[in-house]
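The values are calculated or read from the model by the stated rules, or taken from the named source; none is laboratory data. As the structure is a prediction and not an experimental result, all values here were calculated from the model. Here the Cβ is made from the backbone with ideal geometry for all residues, glycine too, and neighbour counts use every protein chain on show. Side chains are part of the model used for accessible areas, which takes the heavy atoms of the whole protein and leaves out ligands, DNA and RNA. Shrake-Rupley method; radii C 1.70, N 1.55, O 1.52, S 1.80 Å.
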Amino acid sequence: MTDVSANTVARLLESRSFVELGARQRARALLDEGSFRELLDPFDRVTSPWLPKQGIVTQADDGVVVAKGTIDGQPAVIAAIEGAFQGGSMGEVGGAKIAGLLELAAEDNRNGIPTRAVLLLETGGVRLQEANLGLAAIAEIQAAIVELRDYQPVIGVVAGSVGCFGGMSIAAGLCSYLVVTREARVGLNGPQVIEQEAGLDEYDSRDRPFIWSLTGGEQRYASGLVDAYMADDTDAIRAQLHELFALGKPVQPRSRRHAWFLQRLADVDTRTQLDAAAVRALYEGDAQ
């Protein structure tokens, strides 16, 4: 085995997958050691009142973990969505937990405690079983992000293959910074939704290389829609958070560049299916 191969193998063996961790493990891993303090933990039994009515078994934390702690010694809050429960979908309870956590951080800042926030986004968007209640909760999350980012950076992390879709993709876009891995996807509509609405000829939800070439983490980073593209390594992602928090608030949030993005979309020729290269050119401003 060559030295290069041996070094690669050693690095892989030493790395700790972030994607393979559950939501609570992810939140704990990104906070300073020993600082994790969960709010509304499973023993509080805050569950959705709507799922049992449809014969769906609830989860004690409704698939959302919220906690306080520190990052680099500075006060921080963290919310982690469990993508394995109901596809990470946002309902009344889970959405309220995230919105309340962000509002708590904003209150801390108003009281002179500079509290930052991290959102671990593994979600297909609104929970259809809770419809308008879920949408209202997502709207509250979005409003809370906008309020808090005026004080401290709000960093979103999309790591696993569940991705970040629907109204929560808008929440991701509102974050001060957005971090993704190769496994991640970010988009407004998921592949199955597009296929159902536009047909198989337009979008084949089983064509994974095609899907990741358009909405995968590497593509989103190359297109300038996210701020950091990371390997699936817990230590590397934690180090990236430290770097981004050290930068402070961005000069201009991505959401304030709406006119630029609208112009890019206006340049799209909808008569043909864009490929990965065309998408990158579009967001780099080279499309004709």
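Filtering Gly63, Gly95 for residues that are buried (at least 20 other Cβ atoms within 10 Å of the Cβ), on the phi > 0 side of the Ramachandran plot and under 16 Å from the mean Cα position of the chain (by Cα) leaves a single hit, Gly63. Checked against the criterion of being crowded, with 24+ Cβ neighbours inside 10 Å, under 27 Å from Arg208 (Cα atoms) and in contact with a helix residue (DSSP H, G or I) (Cβ under 6 Å, 6 or more places away or on another chain), segment 135-148 contains not a single residue that satisfies it.
Here Gly73 fulfils each of the conditions (1) in contact with a helix residue (DSSP H, G or I) (Cβ under 9 Å, 6 or more places away or on another chain); (2) free of Cβ contacts under 8 Å to residues at least 60 places away in the same chain apart from (1).
Please verify whether Val118 is among the β-branched types (Val, Ile, Thr), at pLDDT 95 or above and in a strand (DSSP E or B), treating the condition exactly as stated. Yes; evaluated as a whole, the condition is true for this residue. Within segment 247-272, take every residue that is aliphatic (A, V, I, L, M) and free of Cβ contacts under 8 Å to residues at least 40 places away in the same chain and give me the one that is nearest to Arg220 (Cα to Cα). Restricting to residues being aliphatic (A, V, I, L, M) and free of Cβ contacts under 8 Å to residues at least 40 places away in the same chain, the top hit is Leu265. Any residue in segment 166-179 that is of a type in the set (A, V, I, L, M, F, W, C), closer than 30 Å to Gly112 by Cβ, assigned to a loop (DSSP other than H, G, I, E, B) and open to solvent by less than 20 Å² (accessible area, probe 1.4 Å)? Checking segment 166-179: at least one residue is of a type in the set (A, V, I, L, M, F, W, C), closer than 30 Å to Gly112 by Cβ, assigned to a loop (DSSP other than H, G, I, E, B) and open to solvent by less than 20 Å² (accessible area, probe 1.4 Å). Per this entry, Val157 is counted among residues that are in contact with a strand residue (DSSP E or B) (Cβ under 7 Å, 6 or more places away or on another chain) and crowded, with 24+ Cβ neighbours inside 10 Å. Based on this model, can you work out whether Glu202 counts as exposed (fewer than 11 other Cβ atoms within 10 Å of the Cβ) and either outside any helix (DSSP H, G or I) or more than 15 Å from the chain's Cα centre (by Cα) (or both)? Here the answer is yes, as Glu202 does meet what is asked. Residue selection: Ala80 fails the criterion of being among the hydrophobic types (A, V, I, L, M, F, W, C), surrounded by fewer than 24 Cβ atoms within 10 Å (Cβ to Cβ), within 25 Å of Leu241 (Cα to Cα) and at pLDDT 95 or above.
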